[in-house]
1. Does at least one position in region 5-15 carry a residue that is touching a helix residue (DSSP H, G or I) at 6+ places or on another chain (Cβ under 6 Å) and among the small types (Gly, Ala, Ser)?
2. Which ones in region 145-175 are β-branched (Val, Ile, Thr) and within 17 Å of the chain's Cα centre (by Cα)?
3. What residue, among those in region 151-191 that are of a type in the set (Val, Ile, Thr) and closer than 30 Å to residue 290 by Cα, is surrounded by the most Cβ atoms within 10 Å (Cβ to Cβ)?
4. Please report, ordered by residue number, the helices (runs of 4 or more DSSP H) entirely within region 200-315 with at least 2 residues that are of a type in the set (Gly, Ala, Ser).
5. Residue 211 versus (1) within 19 Å of residue 307 (Cβ to Cβ); (2) touching a Leu at 6+ places or on another chain (Cβ under 9 Å): which is the lone unmet condition?
6. Report whether or not residue 196 is in the same structural domain as residue 290 (by TED's automatic domain parsing), in contact with a His (Cβ under 8 Å, 6 or more places away or on another chain) and not charged (D, E, K, R).
7. Are any residues in region 155-197 assigned to a loop (DSSP other than H, G, I, E, B), over 15 Å from residue 210 (Cβ atoms) and of a type in the set (S, T, N, Q), and if so, which ones?
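The values are calculated or read from the model by the stated rules, or taken from the named source; none is laboratory data. Because the structure is a prediction, the values reported are computed rather than measured. No Cβ is skipped: glycine too gets one built from the backbone with ideal geometry, and neighbour counts run over all protein chains shown.
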Amino acid sequence: MTDRLPPLTALRAFDAAARHMSFAKAAEELNVTPAALSFQIKSLEEHLGQPLFRRLNRAVELTEAGKTLAPGAAEGFETLTAAWRATRRLQDNTTLTVTAGPGLTAKWLAPRLYEFARAHPEIDLRFSATLRIMDFVRDEVDVAIRFGYGPDPGLYVLPVPPEWVTPVMSPELAERYTTPESLMEAPLIFDESIDFLDPPVDWPAWFRTQGIDFTPTHGSHFSQADHAIDAAVAGAGVALGRRGMAITDLHAGRLVAPFKTAIETKAHFRFLCAPGTETRPQIAAFRDWFIAEIDKTAYVSDEFEIIPVEDIPPP
C-alpha cells in the first residue's frame, strides 16, 4: 500500500462533507455542484480502497475509515490555511494588529496612540482589547501586550519594568485623607484584576508597609483595573493603583499619590510577538514607540520608596 497522498481537491471535498455531514452543504461551501463533489469523494474512496461514507436515503454518515481520516484532514487544512495566511502577511509591512487587555488599552494605550499614528501614517493600526490567549498565526495578531509573570515559551519577549502599586485618589479626597492611618476610614476601591498576584499586592500588604495591621472588609470592588481607576478619578474612593493604569491620570492631575510608598510585584507587562517577526518594520516601529512611551511616562521619583512585595512582613 502506497503512502502517496490523494489529490488535494478530493481531500478538501471530504473535509467539507465530513464537517457538514451533507454532500449538498459541502458542495455549496466549495462552490461546486453536488455531482462534482460526489465525484471527488468517490475518487478519494477509490484511492483509499474503501468507502468513507455510508450513503443513506437522505443523509450520509462516516464509516470507520471516514472517522479515522476526518480529524486529521480538518487539522491539516487548518494548519495549511494558517501557514498560508502567515506567509501572505510577511509581504504586508503596513498593517499592524495589536492585542492588549481592556484596562491597559483604555488607560494607557488609547490616550497615546495618536502619537504613534502621527509618527507612522503608513501603518494601519488595528487593536483587539482582550485578555484571551491569542495564537499569533490563527488569530492574525502581530503583537500582544500581556501582564503577569510569564514565562512565554516559543515567543519573542520584551519585558518592561515591574509594576508597582500605591494609593491614588482625587485631589479633593487627598485633602481629607492626609495620613496612612486616615485611610482606614476612607472609602477604599479594590482592583480584583490583580487578585492572582502571589504574594498578594493588596490593601492589607500596603497597610503593613506603614506598620498598620488592618484588613479592610468594605469598599467598592471592580473586576477591571480601568474601572477602578475611573472610580477613583470620579472621587468615589481611594484605589490601590497600578503604575501602568494610573499613570495618565496622575500626570494629568486627575489623581494624586500622596503617600510615597509603593509595593513592587515581579509581575510585569511583556511585549510579545512570534519569534523572528520582531524585525518586521511595523512591529519594530511599535516596539520602539512602546518602550519610549514607557520611559517618557515613568512616574518614579526619589521621593518614592519602592518596596518589593516579597520584603513585606507577612500578616
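1. Yes, that holds for at least one residue.
2. Going residue by residue through region 145-175, those that are β-branched (Val, Ile, Thr) are 145, 157, 160, 165-166, 168.
145, 157, 160, listed by residue number.
3. 168
4. Details: elements: 203-209, 225-233, 243-252, 281-296.
Answer list for region 200-315: 225-233, 243-252, 281-296.
5. Looking at each condition in turn, residue 211 falls short on (2).
6. So residue 196 fails the test.
7. Quick first cut of region 155-197, residues assigned to a loop (DSSP other than H, G, I, E, B) only: 155, 160-163, 170, 177-180, 186-187, 195-197.
Right, trim to over 15 Å from residue 210 (Cβ atoms) and you get 155, 160-163, 170, 187, 195-197.
The one that is assigned to a loop (DSSP other than H, G, I, E, B), over 15 Å from residue 210 (Cβ atoms) and of a type in the set (S, T, N, Q): 170.
Matching residues to (1) closer than 20 Å to residue 108 by Cα; (2) in contact with a helix residue (DSSP H, G or I) (Cβ under 9 Å, 6 or more places away or on another chain); (3) of a type in the set (Asp, Glu):
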| position | (1), (2), (3) |
| --- | --- |
| 174 | no, no, no |
| 179 | no, no, no |
| 196 | no, no, no |
| 214 | no, yes, no |
| 230 | yes, yes, yes |
